[in-house]
Amino acid sequence: MAACLPAALLPAGGKLILKSWVIMSIKRKKSKEPVSRFPRPHRGSRYSMYRFVGTVGVLVIIALCVMIGAQYLQQLRVKQELADYEARLEEYEQRKRDLELEIERLQEIGYIEMLARDRLGLVKSDEVIFQLED
């Protein structure tokens, strides 16, 4: 039996000495009591305090996770809104460039004359207009 036990249980002389807890564990009889007794009277008031503190701790962690998740969703919404505003800004800048180009063109006499002919239907005094009927 000494060969089956680890060397830590054997004394320096090599003789097998069984401690009382080893003997107790060997001789212990299986009891007929149920494994779980409810309401467990052996637990004192400290157990309920630990249980309360643990429950509060879990609730605090859940609340922090919810708050962090809400902040993350808010950040995503703000980023999307920023991207939308940047796209609108780019459109407005393009429109501004187009209008500045139109202003430069309106300074030329030839462009003004072309607009008067196309949009207003004006003609010069020495021109003759032919209209074809379909």
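Bear in mind these aren't lab numbers, they're just calculated from the coordinates by the rules spelled out. Keep in mind that this is a model prediction, so the values were computed, not measured. As a convention, Cβ positions derive from the backbone with ideal geometry for all residues, glycine included, and neighbour counts pool all protein chains shown.
On inspection, Gly69 does not qualify as exposed (fewer than 10 other Cβ atoms within 10 Å of the Cβ) and not charged (D, E, K, R).
Residue-level check: of (1) surrounded by 10 or more Cβ atoms within 10 Å (Cβ to Cβ); (2) under 30 Å from Ser125 (Cα atoms), Gln94 misses just (2).
Cβ separations smaller than 7 Å between residues 6+ apart or across chains give the following pairs from the range 108-134 residues that are assigned to a loop (DSSP other than H, G, I, E, B) to residues that are surrounded by 10 or more Cβ atoms within 10 Å (Cβ to Cβ): Leu122/Ala116; Ile129/Val123.
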